[in-house]
1. Could you figure out which of (1) hydrophobic (A, V, I, L, M, F, W, C); (2) within 14 Å of the ligand (Cβ to nearest atom); (3) within 27 Å of VAL393 (Cα to Cα) isn't true of LEU4?
2. From the list THR170, THR151, pick out the single residue that is surrounded by fewer than 19 Cβ atoms within 10 Å (Cβ to Cβ) and either at pLDDT 95 or above or within 24 Å of the chain's Cα centre (by Cα) (or both).
3. What residue, of LEU386, LEU407, is surrounded by 22 or more Cβ atoms within 10 Å (Cβ to Cβ) and farther than 29 Å from THR52 by Cα?
4. Go through (1) within 16 Å of the ligand (Cβ to nearest atom); (2) in a loop (DSSP other than H, G, I, E, B); (3) in contact (Cβ under 8 Å) with a residue 40 or more places away in the chain for PRO126 and report which single condition fails.
5. What residue, among those in segment 387-407 that are of a type in the set (D, E, K, R) and at pLDDT below 95, is nearest to ARG345 (Cα to Cα)?
6. Scan segment 5-46 for residues that are of a type in the set (A, V, I, L, M, F, W, C), over 19 Å from ALA178 (Cβ atoms) and surrounded by fewer than 24 Cβ atoms within 10 Å (Cβ to Cβ) and jot them down.
7. How many of the residues making up segment 329-345 are buried (at least 24 other Cβ atoms within 10 Å of the Cβ) and of a type in the set (A, V, I, L, M)?
8. Of everything in segment 367-390, what is over 20 Å from GLY253 (Cβ atoms) and away from the ligand (no atom under 16 Å from the Cβ)? Give them in sequence order.
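The values are calculated or read from the model by the stated rules, or taken from the named source; none is laboratory data. As the structure is a computational prediction, the values presented were derived from the model and not from experiment. Positions of Cβ are generated from backbone atoms using ideal geometry, with glycine treated the same way; all protein chains shown enter the neighbour counts.
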Amino acid sequence: MDTLVIHGGRALTGEVAVSGAKNAALPAMAAALLASGEHRLRRVPRLADVATLGRLLGHMGVGVERGRGRAGHELVLSTPGEIRPEAPYDLVKTMRASVLVLGPLLARVGRARVSLPGGCAIGARPIDQHLKGLAALGADIRLAHGYVEATVPKGGLRGAHVPFDVVSVTGTENLMMAAALARGKTVLSNAAREPEVEDLAVALVRMGARIAGAGTDVVEIEGVEGLRPIDHEVIADRIEAGTLLVAAAATGGEIALRGARADHLEALLQKLRESGSRIESEDGALRLRASGRPAAVGLRTAPYPGFPTDMQAQMTTLMAIAEGSAVIEETVFENRFMHVLELQRMGADITVSGRTAHVQGVRRIEGAPVMATDLRASASLVLAGLVADGRTVVQRVYHLDRGYERLERKLRLLGADVRRVAAGRRDGLR
Ligand code: UD1
């Protein structure tokens with residue numbers, strides 16, 4: 001397994017481009033199941049999760065081809081007339097987003113057998129809302145042997161009112177895709193408002209779907225008879241952008257991120273400003289200039305437009321070295337403070353009780369061997385390595401590779417001392 005070896009203490013400076021959003025690329029790929037023909041997706045990041053979903057779609061009969069060279073971020077998906085509506089455990093277990101194929105399969109094929117998902121170890125993460133919504137559209141759903149087995153009665157799915165009990169990003173996306181080909185009108189209430197949900201709606205509308213309200217908490221979908229292939233460029237990754245901004249703030253740096261969208265990052269930018277960074281959006285880039293040691297700011301995660309849970313771990317690292325104390329409350333996922341134990345080993349002063357972390361900022365943290373436990377926790381450890389005295393070795397980098405496109409390369413471009421050491425090689429360890 002690869003490791004990242006980081007020598008901390010360098011302020012990040014310079015400019016890099018933001019990659020396409022993992023969480024927008026995955027649903028757009030799943031949407032390719034909704035229409036036969038050749039789909040083209042642009043700005044698709046090269047990530048383990050994208051490769052996993054590609055393999056899963058391949059298993060169903062979809063041709064998946066990535067462009068080469070300059071076209072390396074283009075994905076061509078060739079969806080056949082006949083799809084094998086099955087998502088086996090081996091392909092689904094590493095990635096919870098695999099559940100995104102369920103809605104499209106039911107809409108297009110009328111039946112599906114999809115393994116219950118795995119993914120990050122950050123709490124129970126059930127899919128009851130997906131299943132409840134699909135049942136409301138008329139699907140007959142059973143759970144057997146770790147699989148969801150679903151069929152649609154003759155005549156297909158029919159529009160319905162689906163009030164979500166909890167706000168679910170992929171749940172909203174799954175239902176939007178299923179409802180796109182249902183008979184009649186579907187109304188999703190208490191829907192997720194994330195920019196990635198809106199981006200999927202843009203892609204679906206381009207395919208011929210009739211969707212209104214995506215990006216608000218009520219989404220209306222008028223089912224259509226059929227859809228055409230997509231040609232779509234996914235939005236920039238707000239979480240990658242946010243991670244780099246926090247890295248710059250933590251190291252006292254000054255960076256510009258090409259393609260980052262301030263309007264998708266409002267809650268984070270507000271916290272970074274309160275913490276002392278100056279942030280401006282100009283010429284298609286977002287610029288952050290840190291000034292000295294960050295000030296402590298508390299936060300509470302919430303569905304969009306609240307503070308993103310996917311940025312909580314990185315902000316915990318920033319607060320670990322901030323001046324003052326901060327209370328960080330995680331309301332979206334239970335068990336999402338696993339990075340704290342590792343940060344403590346680096347000298348951070350953090351106590352967790354239930355869903356709340358109390359962070360007393362310290363002036364310095366120290367490099368140490370640490371272990372990544374989930375995707376965003378890994379990012380927080382990399383950030384900690386960037387500010388720590390001495391050497392940090394982050395193990396289990398495969399978690400990071402699920403969702404960041406070679407983060408270490410971008411950090412190096414910004415002046416960080418970060419090296420990837422391939423599994424089995426020790427020569428990179430200084
Ligand atoms: C998506 C993102 C993930 C992000 C999360 C929250 C993708 C591919 N992943 O994950 O990066 O961390 O949103 O912003 O877009 N829940 C239920 N029942 C359900 C579904 C969800 O109880 O059927 C709960 C979850 O356990 C969790 C909360 O709702 O506590 C939010 O989960 P959800 O929005 O569904 O997360 P994902 O869509 O899996």
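1. Here LEU4 meets the rest and fails (2).
2. Details: THR170 fails: surrounded by fewer than 19 Cβ atoms within 10 Å (Cβ to Cβ).
Residue meeting the stated conditions: THR151.
3. Going through LEU386, LEU407 in turn, the sole match is LEU386.
4. (3)
5. First, the residues of segment 387-407 that are of a type in the set (D, E, K, R): 389, 391, 396, 401-402, 405-406.
Okay, now just the ones that are also at pLDDT below 95, so 396, 401-402, 405-406.
On the way: ARG396: 17, ASP401: 23, ARG402: 25, GLU405: 27, ARG406: 25 Å.
Filtering segment 387-407 for residues that are of a type in the set (D, E, K, R) and at pLDDT below 95, the one nearest to ARG345 (Cα to Cα) comes out as ARG396.
6. The answer is VAL5, ALA11, VAL16, ALA17.
7. 1
8. Passing the criteria: ALA368, PRO369, VAL370, MET371.
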